[in-house]
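The values are calculated or read from the model by the stated rules, or taken from the named source; none is laboratory data. All of these numbers come straight from a predicted model, not from anything done at the bench. With ideal geometry, Cβ positions are generated from the backbone for all residues, glycine too; neighbour counts draw on all protein chains shown. Just the protein is used for accessible areas: all its heavy atoms, side chains included, with ligands, DNA and RNA removed. Shrake-Rupley method; radii C 1.70, N 1.55, O 1.52, S 1.80 Å.
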Amino acid sequence: MQVFLSHRENEEGKKYALALREELAILGVDTIIASHLIHPGADWAQELLEHLKESSALLCIASRGYTDSAWCQQEIGWAIGRNTPALWIRYDSAEHSTGFLKSKQDFIPSEPLDEAEIARGVGTWLAMEPRTREETRASLLRALTFSSTYQQTRDIADVLATLDSLTDDELKQIDDAAVSNRQVREAFFSGITVTEWLHRKLNKSAKRDWTWNLPVAVHQRRRGGRASRRDPR
């Protein structure tokens, strides 16, 4: 799946967008950063609209000055007009959602510089948003199948665990990934394999608002802990 990263065209906005792009790729989510794709001399507005049309959701990277950007506000307006899901990520405490997004709860990271946490929160939102739910499930399972590190496996499992349930076929995809991929088979959570942990989690999951159903690692950070991304298993 593909999401559009709406950000302020300054050093800070670009830094956050690029960092989030890298972390979302771990979850199998592709991203569009318009400034990296629109060539000199191109019709900027038309190209921007085309990229927005191709995106399943819009992520508002609300760093300092985001609400003052006319382009960012137009991107939000276009997404709302097409009923494209949009999430306001409050990187700066002064940047509150505006317009039609005011009625939606902002995603407020506990640590704006922890892009891994933010990406998992975004993945959770995408997985629970009705308009992106099915596409997100497929992307997560595909990313799990080809996971290249134990940490990537755990990151993907964190988001999968927020789903209400998985079909028998989807559970089989997880089990097949463990058989074919050592990075899935030998990844552990709390002393048990990730696959067993997922089976237990999904058997107990229930519908809840996405902000209260964030990945375990996110809640650990909110309590002051910090899980290492370099932990071998």
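Overview of values
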| read-out | value |
| --- | --- |
| Members of the stretch 120-134 that are open to solvent by 10 Å² or more (accessible area, probe 1.4 Å) and touching a Ser or Thr at 6+ places or on another chain (Cβ under 6 Å) | none |
| Output for the stretch 55-67, where each listed residue is in contact (Cβ under 8 Å) with a residue 40 or more places away in the chain and either farther than 16 Å from Ile33 by Cα or open to solvent by 10 Å² or more (accessible area, probe 1.4 Å) (or both) | Ser55, Ser56, Arg64, Gly65 |
| Check on Glu117, surrounded by 21 or more Cβ atoms within 10 Å (Cβ to Cβ) and over 30 Å from Ser165 (Cα atoms) | no |
| The stretch 200-215, residues that are at pLDDT 50 or above and either within 19 Å of the chain's Cα centre (by Cα) or surrounded by fewer than 16 Cβ atoms within 10 Å (Cβ to Cβ) (or both) | Arg200, Asn203, Lys204 |
